[in-house]
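Quick notes on the structure that follows.
Any read-out appearing in this document is the output of simple, stated calculations on the displayed coordinates, not a laboratory observation. The model shown is predicted, which means the values in this text are computed figures rather than measured ones. FYI the Cβ positions are ideal-geometry reconstructions off the backbone, even for glycines, and counts take in every protein chain you see.
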Amino acid sequence: MSDDLMTPNERPDQIGREAVERDLRGAIAGGGFSHGWIIAGPKGAGKATLAYRIARAMLDPAALMNEHNFDMLPEARTFRLIAQRAHPDVFIAERAWNEKTSRYQSDITVETIRKLTLFLNRTAALGGYRVAIIDSADDLTRNAANALLKALEEPPADTLLLLLSAAPGRLIATIRSRCRRIDLRGLDDTEIVTLLEREELAEGEEATRIAAHAGGRPGYAMMLAAGEGASAITLADGFVSAARKGGEITRVTSALAGRAGDAKWEIFKATVLQNLSDGARAAACGATLEGPLAGAAPASLLSAHEQLTTLAERGDALNLDRGQLIAAMAYDLRAALAAT
């Protein structure tokens, strides 16, 4: 996420989740609030933002601004402590940073979950709830998942565990059975456009193009708008058009070459593949495709998606020259769609 964007623990609001928050407030008021929740949704859907909003509400209900949602003034003490990642009754289980490699570890380890368990069993520093956020549960090792299960099976009083997951079906069944689930739906493009314009990240046609690509994910849309997203999406659209016609792709390869193109490359790939999968789905439902994919058959689009996915993964794994990789993707795309 861009350094210019607020992190989820700093964000005071959230769009498009009014019904979810209203239902959760009702569960809290009715005494039926579970100690374990899975917040499910794709990357950038707002899972972490919602988790921190719930955490603030449980830790300081008196500071909430109304009875319908989890709004809290940023000046409130609890808000400030969580924004600074300094609240003594909040534990964040996440992948650890490796100083030697300057990268995050690939998993959340059992040692992290053991620390979480110790945290849950101690007395709350401020006399209320203790809240643990697992961001994300998809990163738990098998041993870590089993250790977390013990905390879910016998939770101490006044504790809350919030598990964020982009693939909840892959979590072990016993964890899923001990948690209630919140599914974050995709937002309308108009809501995403309004958000981007309000945050002064994009406007007009650019905001509309980013919203269309974001797939209803507000966090992902903001990340795209704050970085190289708009440029990468334009490159992807031009690539698909040129590749199908056998046209020139030099501008695309130049823009994505070397370290300068790294920020755009992942978005470029994702956009090309999403265009193909979305086109296949729409064509299969009888829609008339327009633009560079006009007239393409669903089977041809699916074939192109599979071939380009495999090619891109192999190219990245072998660190192939990006220009050659893009040229190969263009060849495979044209060949697959020529079968239409």
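Summary of values
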quantity	calculated
The chain: Lys pairs at Cα distance under 25 angstrom, eight or more positions apart or on different chains	10
Rough spin-label spacing in nm, given labels placed 7 Å along Cα→Cβ, for residue 121 and residue 327	6.2
Full-stretch length increase - residue 103, residue 33 - with 0.36 nm per residue and alpha-carbon distance subtracted	21.5 nm
Order of 272, 193 under a 10 Å beta carbon neighbour criterion, fewest first	193, 272
Highest to lowest packing among 29-40, 225-236, scored as the average C-beta count within 10 Å	225-236, 29-40
Amide proton proximity set for residue 202, modelled H, under 5 Å, gap of 5+	197
Charge-dipole axis of the range 18-183 as Lys and Arg at +1 and Asp and Glu at -1 on Cβ define it, positive-most pick from 173, 86, 131	173
Euclidean distance of C-alpha centroids, the range 240-284 and the range 181-197, integer Å	24
Calculated [θ] (222 nm, deg cm²/dmol) that DSSP helices of n ≥ 4 give over the chain, each run adding -39,500 (n - 2.57)	-16000 deg cm²/dmol
Candidates 269, 100, 245: whichever shows maximal mean-square fluctuation once the chain is modelled as a Gaussian network with Cα springs under 10 Å	100
Extension reserve of the residue 43-residue 95 stretch, reckoned as 0.36 nm per residue once the Cα distance is removed	17.1 nm
Cα-projected label distance for residue 10 with residue 166, points at 7 Å along beta-carbon direction, nm	2.2
Summed residue charge, Cβ within 13 Å of residue 123's Cβ, Lys/Arg positive, Asp/Glu negative	0
The chain: antiparallel DSSP beta bridges as a percent of all, rounded to 5	15
Gaussian network model of the chain, springs between alpha carbon atoms under 10 Å - residue of 271, 109, 123 with greatest fluctuation	123
Candidates 81, 118, 325: whichever shows maximal mean-square fluctuation once the chain is modelled as a Gaussian network with Cα springs under 10 Å	118
Linear extension gain, residue 281 paired with residue 111, 0.36 nm per residue minus alpha-carbon span	56.9 nm
Mean-position separation - Cα centroids, the range 98-168 and the range 37-71, in angstrom	18
